[in-house]
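Read-outs throughout are calculated quantities, based only on the coordinates presented, and are distinct from any laboratory measurement. Remember, it's a predicted structure, so these values are computed and weren't measured experimentally. Don't worry about glycine lacking a Cβ; one is built from the backbone with ideal geometry, like all the others, and counts go over all protein chains shown.
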Amino acid sequence: MVSEGWLDDRRFAERFAESALASGRYYGPRLRQEMRRRGLQPELVSEVLGRVLGSAMRPGKCVLLLNAVFSGFSFSTASDREKRRAIGFLQRRGFSLSAILRVLRATEQY
């Protein structure tokens, strides 16, 4: 099946990563973990994610996700509980805490 082109780990890895990012299901380290869990080799995962994540982990993506799930969220006026929920949501999607806080503070300055 491999010689016929029916089984291709590289193609699967690329499609899986693109689909996960487009759907908002996984990002960053979490995406890497899910790909490894599905049996893909670490070298292949690193190669594919190097290409695919380059544009997907932009701060704008973090803001879009936040606005999609927590519309009207304002970091300066949100309660501690709301802040924890929003930050936890973004961390589960693979964004680092420092990146999340940087984006949240930057959006409050406008």
How far is helix 80-92 tilted, in degrees, relative to the longest principal axis of the Cα atoms in the chain, given as a value from 0 to 90 rounded to the nearest 10? 10 degrees
Angle, helix 42-56 long axis vs. longest principal axis of the chain, Cα atoms, 0 to 90°, nearest 10? 40 degrees
For the chain, what does -39500 (n - 2.57) per DSSP helix run (n ≥ 4), summed and divided by total residues, give at 222 nm, in deg cm²/dmol to the nearest 500? -22000 deg cm²/dmol
Given R₀ = 30 Å, what would the calculated FRET efficiency be for GLU108 paired with ARG30, taking r from the Cβ atoms and rounding to 0.05? 0.70
Tell me the angle of helix 59-69 to the major Cα principal axis of the chain, expressed in degrees between 0 and 90 and rounded to the nearest ten. 70 degrees
How far apart, in nm, are the 7 Å Cα→Cβ label points at ALA68 and LEU7? 3.4 nm
How many nm separate the modelled label positions at SER76 and ARG38, each set 7 Å beyond the Cα in the direction of the Cβ? 4.2 nm
